Amino acid sequence: MNVYEALLGIVQVPSYIPGGAWSFWKFIGLLLWIVGFPIALWLIWLVLRWMATKLAAAFRKR
């Protein structure tokens, strides 16, 4: 099996899923939302915590 046969097999995966490629890409989009939302919340939390420590340090110097 060469690389092209492996890539062809990967590309044909949506055709084996009931509902076709459309349901496959809707599923991938849903997974991106499910995984991306907690990551975005975590990043927002990190930035807010970093800003709070910088503000606290600035006020402590005064």
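The values are calculated or read from the model by the stated rules, or taken from the named source; none is laboratory data. For clarity, every value in this text was computed on a predicted model and none was experimentally measured. What goes into the accessible areas is simple: the full protein's heavy atoms, side chains included, and nothing from ligands, DNA or RNA. Shrake-Rupley method; radii C 1.70, N 1.55, O 1.52, S 1.80 Å.
Taking every DSSP helix (H) stretch of at least 4 residues in the chain, weighting each as -39,500 (n - 2.57) and dividing the sum by the residue count yields a mean residue ellipticity at 222 nm of -29000 deg cm²/dmol.
Residue 35 contributes an accessible area of around 80 Å² to the protein surface, as traced by a 1.4 Å probe with all chains present. Once the Kirkwood radius over Cα pairs is known for the chain, the Stokes-Einstein relation at 20 °C and 1.002 mPa s delivers a diffusion coefficient of 137 µm²/s. Extension gain, residue 26 to residue 43, is 3.6 nm, computed as 0.36 nm per intervening residue step minus the present C-alpha separation.
Taking the longest Cα principal axis of the chain as reference, the axis of helix 20-61 is set at about 10 degrees.
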